[in-house]
Amino acid sequence: MPQRIDDAALDTLFRDARTYATWQPTPVTDQTLRDLYELLKWAPTSANAAPARFAFLRSKEAKERLRPALAPLNVEKTMTAPVTVIVGYDMKFYEQLPKLFPHGPGMRQMFESNPEMAAATAKRNSSLQGAYLIMAARALGLDCGPMSGFDQAKVDEEFFAAGKPCFGCDQEFFPEGHVKSNFLCNLGYGDPATLHARLPRLPFNEACSLL
Ligand SMILES: Cc1cc2nc3c(=O)[nH]c(=O)nc-3n(C[C@H](O)[C@H](O)[C@H](O)COP(=O)(O)O)c2cc1C
């Protein structure tokens with residue numbers, strides 16, 4: 001029987017967690033990024049398809065490749081963040097279904113023959129997995145700064161070889177441009193000094209209905 005987590009954990013995940021734009025000079029280790037994936041991978045996706053792909057940009061060189069795609073207001077916060085993750089999705093995620101959903105042998109063909117459904121599934125579930133990444137990061141003591149202010153076509157071309165085979169590219173993990181970017185998320189240990197007052201949220205009766 002699952003246990004309710006305590007109030008301190010709920011504060012860490014939700015009530016005290018903020019979106020950060022400035023960062024302490026504490027690095028994020030590769031092991032922490034591996035721990036992050038090892039947590040988020042367990043959260044649910046349609047048909048267990050797990051279409052999200054994550055490119056963790058840690059080096060100055062990788063950040064410079066991203067710079068031209070960033071909206072002006074997102075440049076400084078991204079270039080100074082210890083890590084920026086591109087949350088993407090694999091349009092051919094269904095090729096993994098024989099491994100990830102072996103008891104449904106028709107699923108691969110169902111998605112392959114219906115590109116519209118495949119695209120909607122990839123976007124919906126990679127967005128979910130990006131949200132799982134944010135929550136897993138918070139659970140590991142990291143802070144996040146998610147961003148949609150960037151040029152998706154530029155990111156796809158630079159990092160995911162959009163429209164061309166990925167010969168000699170260092171992202172051979174994502175061959176032939178069938179991975180697309182969804183959103184970016186800076187990761188690190190946030191500097192609270194620059195936080196503004198927290199914005200309001202809709203109350204229950206404006207956002208929810210009980211039917
Ligand atoms: C998908 C997504 C895209 C966002 N895009 C941007 C962005 O491009 N630039 C930016 O400064 N903030 C961006 N934000 C940050 C939001 O404005 C911020 O998370 C929200 O106001 C809540 O702030 P809080 O977590 O401090 O309460 C984005 C957040 C999300 C989840």
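Once the chain from Gln96 to Met79 is taken as fully extended at 0.36 nm per residue, the excess over their C-alpha distance is 2.7 nm. Working note: Cα atoms of the stretch 41-126, range along each principal axis, descending, whole Å: 46, 25, 19.
Dividing the summed helix terms, -39500 (n - 2.57) for each DSSP H run of n ≥ 4, by the number of residues in the chain produces a 222 nm estimate of -10500 deg cm²/dmol to the nearest 500. Relative contact order of the stretch 37-159, taken over Cα pairs closer than 8 Å and 6 or more residues apart, is 38 percent.
The mean sequence separation of alpha-carbon pairs under 8 Å and at least six residues apart, normalised by the residue count of the chain, gives a relative contact order of 31 percent. Comparing Cα centroids, the stretch 1-69 and the stretch 99-118 end up 28 angstrom apart. The ranking of Ile86, Ile5, Ile134 from fewest to most other beta carbons within 10 Å of each one's beta carbon is Ile5, Ile134, Ile86. From least to most packed, judged by other beta carbons within 10 angstrom and beginning with the fewest, His196, His178 follow the order His196, His178.
Cβ-to-Cβ counts within 10 Å put Lys99, Lys63 in ascending order as Lys99, Lys63, the fewest first.
Taking the chain as a Gaussian network of alpha-carbon nodes connected by springs under 10 Å, the highest mean-square fluctuation of the residues Asp90, Asp143, Asp191 belongs to Asp191. Which lysines, on any chain, are close to Lys123 with Cα under 21 Å apart, when same-chain ones fewer than 8 places away are left out? Answer for Lys123, where 21 Å is the Cα cut-off: Lys41, Lys92, Lys99, Lys154, Lys180, listed by chain and number.
Its alpha carbons considered, the chain gives a radius of gyration followed by a Dmax of 18.4, 55 Å.
What is the ratio of the Cα radius of gyration of the stretch 1-99 to 2.2 N^0.38 Å, with N the residue count, to two decimals?
Values: Rg = 16.8 Å, N = 99, 2.2 N^0.38 = 12.6 Å.
Cα Rg divided by the expected 2.2 N^0.38 Å: 1.33.
Rule-based calculations on the coordinates, nothing more; no lab input. Bear in mind that the values here come from a model prediction, so they are computed numbers and not experimental data. Note: ideal-geometry Cβ built from the backbone for every residue, glycine included; neighbour counts use all protein chains shown.
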